[in-house]
Ligand SMILES: [Mg+2]
């Protein structure tokens with residue numbers, strides 16, 4: 001059986017110009033009277049949107065107010081939809097080739113991202129890249145990325161009707177959090193050094209593979225499929 005593939009978005013498939021996303025978030029915080037945070041220098045890599053926004057809205061150890069969180073989430077999504085342009089998004093080398101390669105293999109391909117589901121769809125639809133992804137798990141309900149694989153897996157099994165095992169999932173992402181997330185579910189961890197972490201930093205986390213970009217993905221996958229046979 002072919003494995004199924006789960007891709008992270010930011011740092012893995014694409015990069016939204018830092019300016020655009022940060023300005024949107026900063027404006028929203030100001031609108032809610034939160035003016036002591038400079039979002040320009042915060043590290044969001046590998047975190048879920050829920051975690052990011054909750055942390056911005058409250059002091060450490062405080063529980064976020066669900067109503068406030070919900071309002072901010074809706075405004076963020078509206079702002080993103082209104083402001084995001086195709087020229088604000090950089091698509092990494094090898095993304096189109098890798099997705100076309102998986103399409104030819106008829107492999108099940110989905111998303112495992114900390115993005116809110118709608119944010120993920122807005123970003124990918126803006127660059128015409130939504131169609132290859134048939135299932136996924138998103139950062140709407142979870143603070144911890146490690147809670148996402150069971151959701152993605154359940155959706156995969158339901159949609160495909162195939163009796164996949166967790167070890168049949170290949171989870172592809174750009175941060176140590178993605179690697180830990182794959183490990184937590186007993187899945188295959190593929191790191192790609194296109195985000196904020198270097199090849200060496202990712203390699204130190206001992207994933208199953210580290211790629212310099214997704215350009216290397218089809219060749220890696222051919223070797224991986226042979227090793228499974
Ligand atoms: Mg990422």
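Bear in mind these aren't lab numbers, they're just calculated from the coordinates by the rules spelled out. Predicted, not measured: the structure shown is a model, and the values here were computed from it. Neighbour counts are summed over all protein chains in view; Cβ atoms, including those assigned to glycine, are modelled from backbone coordinates with ideal geometry.
For the reader, a short list of remarks on this structure follows.
- Separation in nanometres of the label points that stand 7 Å from Cα toward Cβ, at residue 143 and residue 198: 3.3 nm
- Span from the the range 18-95 Cα centroid across to the the range 144-219 one, whole angstrom: 24 Å
- Kirkwood Rh and Cα Rg combined as Rg over Rh, evaluated for the range 17-86: 0.93
- Stokes-Einstein D in µm²/s, Kirkwood radius over Cα pairs - the range 185-227 at 4 °C with 1.567 mPa s viscosity: 120 µm²/s
- Rounded to two decimals, the Cα-based Rg/Rh of the range 99-211, with Kirkwood Rh, is 0.95.
- Orientation-averaged projected area, Cα convex hull of the chain (nm²): 12.4 nm²
- The range 1-122: projected area of the alpha-carbon convex hull, averaged over directions, in nm²: 9.0 nm²
- Working from the Cα coordinates of the range 110-168, the gyration tensor eigenvalues give, after taking √(5λ), semi-axes of 20, 16, 8 Å in decreasing order.
- For the chain, modelled as a GNM whose springs connect Cα atoms under 10 angstrom apart, the maximal fluctuation among 75, 91, 171 occurs at 75.
- DSSP beta bridges in the chain [antiparallel fraction, %, rounded to 5]: 15 percent
- Taking label points 7 Å from Cα along the Cα-to-Cβ direction, residue 31 and residue 87 give a separation of 2.4 nm.
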